Amino acid sequence: MNSVLTVLEKKKLAETMLTALGTKNWDLFRSIITEDISWTLPGSSSISGEINGINAIIDRAKEIVSNGVSLELKHILYGQYNFALSIHNQASRGNLILDEHLATVCTIYNGKIAKIETYVSDVDGVNKFFIK
């Protein structure tokens, strides 16, 4: 049975996720996500589409942070069962610039993140920055 987390528990889970990404601590990231996790991200870039499984999720996260993307947290938004992150991403590589706002909705199951859905403000920008 899926237990309902408190707002404080959701906040800790969200902060742990951001810390793991920011410090590239993949063991910490692995500790807060389920083995069968899925992540959807719009567009046709190298980080777009739906992926499944803990290793695929970590590979995508590695690709994002290895491109120098800064994750500026704007807000943690709390739902009855889950949470969402409002983030401003920025990065540059040569003449390519990424400057987007996104919402990442995290579905929680048994205290871990089981699904990630990312909504971006500039799909074309993501497609250009993360060329397939």
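The values are calculated or read from the model by the stated rules, or taken from the named source; none is laboratory data. This structure is a prediction, so every number in the text was calculated from the model and none was measured. Methodologically, a virtual Cβ is constructed for each residue, glycine included, from the backbone with ideal geometry; neighbour enumeration extends over all protein chains shown. SASA here: full protein model, heavy atoms, side chains in, ligands and nucleic acids out. Shrake-Rupley method; radii C 1.70, N 1.55, O 1.52, S 1.80 Å.
Selection within segment 110-132: residues that are open to solvent by 20 Å² or more (accessible area, probe 1.4 Å) and among the β-branched types (Val, Ile, Thr). The member of this set that is modelled with the lowest pLDDT is Ile131.
Taking segment 14-132 and the strands (runs of 3 or more DSSP E) fully enclosed by it, the elements with 3 or more residues that are touching a Pro at 6+ places or on another chain (Cβ under 9 Å) are at 112-120. Against the conditions (1) open to solvent by 50 Å² or more (accessible area, probe 1.4 Å); (2) over 13 Å from the mean Cα position of the chain (by Cα); (3) hydrophobic (A, V, I, L, M, F, W, C), Leu98 satisfies every one except (1). Take the conditions modelled with pLDDT of 95 or more and touching a Ser or Thr at 6+ places or on another chain (Cβ under 7 Å) and apply them to Asn55. Does it pass? Here the answer is no, as Asn55 does not meet what is asked. Can you name the number of the only condition in (1) on the phi > 0 side of the Ramachandran plot; (2) surrounded by 13 or more Cβ atoms within 10 Å (Cβ to Cβ) that Ile47 fails? Unmet condition: (1).
Tally up the residues in segment 23-54 that are touching a helix residue (DSSP H, G or I) at 6+ places or on another chain (Cβ under 9 Å) and more than 20 Å from Asp122 (Cβ to Cβ), please. Summing the residues that are touching a helix residue (DSSP H, G or I) at 6+ places or on another chain (Cβ under 9 Å) and more than 20 Å from Asp122 (Cβ to Cβ) in segment 23-54 gives 17.
Residue by residue, here is whether (1) of a type in the set (A, V, I, L, M, F, W, C); (2) free of Cβ contacts under 8 Å to residues at least 12 places away in the same chain; (3) open to solvent by less than 30 Å² (accessible area, probe 1.4 Å) holds:
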site: Arg60; (1), (2), (3): no, no, yes
site: Phe83; (1), (2), (3): yes, no, yes
site: Arg93; (1), (2), (3): no, no, no
site: Ile108; (1), (2), (3): yes, no, yes
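Which numbered condition trips up Ser45, out of (1) under 23 Å from His88 (Cβ atoms); (2) under 15 Å from the mean Cα position of the chain (by Cα); (3) at pLDDT 95 or above? Among (1) under 23 Å from His88 (Cβ atoms); (2) under 15 Å from the mean Cα position of the chain (by Cα); (3) at pLDDT 95 or above, the lone unmet condition for Ser45 is (2).
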